[in-house]
Amino acid sequence: WARTLAAVKRLAGSRHVAVGIRDGGRVHKSGVTLNTLMAIHEFGAPAANIPERAPIRTAFDANVAKYTRQMMDGVSDVLDGRADPDQILEVLGAGMADDIRDGIRARLPPPNKPETIRRKGSDVPLIDTGELLAAIDYEVRLK
């Protein structure tokens with residue numbers, strides 16, 4: 001009982017999973033940090049004629065039922081002693097990062113403009129060098 005109670009306390013309040021760009025201070029070839037670049041793509045930059053594509057919100061919205069189910073199953077596994085809270089959050093974080101990357105690879109709308117395709121040599125939005133895609137990660141953190 002003591003082990004279960006301690007696991008529930010850890011799951012309930014002391015840890016969370018962060019998903020996104022962990023090495024956000026790295027500078028992209030465009031001259032902005034990867035965090036700034038992701039924010040530009042997430043929310044758009046109308047003044048720079050960059051449309052909103054929202055890779056993080058799109059992945060979350062499309063998979064929120066799956067994430068909820070994973071957490072519910074995870075809590076059950078923790079209570080039954082089959083899993084540790086950190087294991088549950090690790091699996092959730094890895095899956096969320098994969099979903100964001102998969103969404104980007106699936107070509108989030110809107111499509112690139114012809115001049116962007118010519119400059120990049122590709123018609124895949126959000127993927128140029130692959131650096132942003134590779135930087136999407138997760139981390140289980142203490143609150």
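A few comments on the model shown:
- In the range 57-80, of all residues being among the charged types (D, E, K, R) and within 12 Å of the chain's Cα centre (by Cα), the one that is surrounded by the most Cβ atoms within 10 Å (Cβ to Cβ) corresponds to Arg57.
- Odd one out for Ala54, checked against (1) surrounded by fewer than 18 Cβ atoms within 10 Å (Cβ to Cβ); (2) at negative phi: (2)
- From Gly93, Gly74, residue being out of contact with any Lys or Arg (no Cβ under 7 Å at 6 or more places or on another chain), modelled with pLDDT of 95 or more, farther than 12 Å from Leu132 by Cα and in a helix (DSSP H, G or I): Gly93
- You will find that of Asp102, Asp80, Asp98, the residue that is among the acidic types (Asp, Glu) and either closer than 30 Å to Leu5 by Cβ or in contact with a helix residue (DSSP H, G or I) (Cβ under 7 Å, 6 or more places away or on another chain) (or both) is Asp80 and no other.
- Pro111 assigned to a loop (DSSP other than H, G, I, E, B), open to solvent by less than 20 Å² (accessible area, probe 1.4 Å) and more than 14 Å from Ile21 (Cα to Cα): no
- The range 114-143, residues that are in a loop (DSSP other than H, G, I, E, B), open to solvent by less than 30 Å² (accessible area, probe 1.4 Å) and either among the acidic types (Asp, Glu) or farther than 15 Å from Thr58 by Cβ (or both): Val124, Gly130
- Residue within the range 9-18 that is out of contact with any Leu (no Cβ under 9 Å at 6 or more places or on another chain), among the β-branched types (Val, Ile, Thr) and modelled with pLDDT of 90 or more present: no
- Matching residues, the range 24-51, being of a type in the set (Ser, Thr, Tyr) and either in a helix (DSSP H, G or I) or open to solvent by less than 60 Å² (accessible area, probe 1.4 Å) (or both): Thr33, Thr36
The values are calculated or read from the model by the stated rules, or taken from the named source; none is laboratory data. If you're wondering where the values come from, they're calculated on a predicted model, not measured in any experiment. Neighbour counts are summed over all protein chains in view; Cβ atoms, including those assigned to glycine, are modelled from backbone coordinates with ideal geometry. Just the protein is used for accessible areas: all its heavy atoms, side chains included, with ligands, DNA and RNA removed. Shrake-Rupley method; radii C 1.70, N 1.55, O 1.52, S 1.80 Å.
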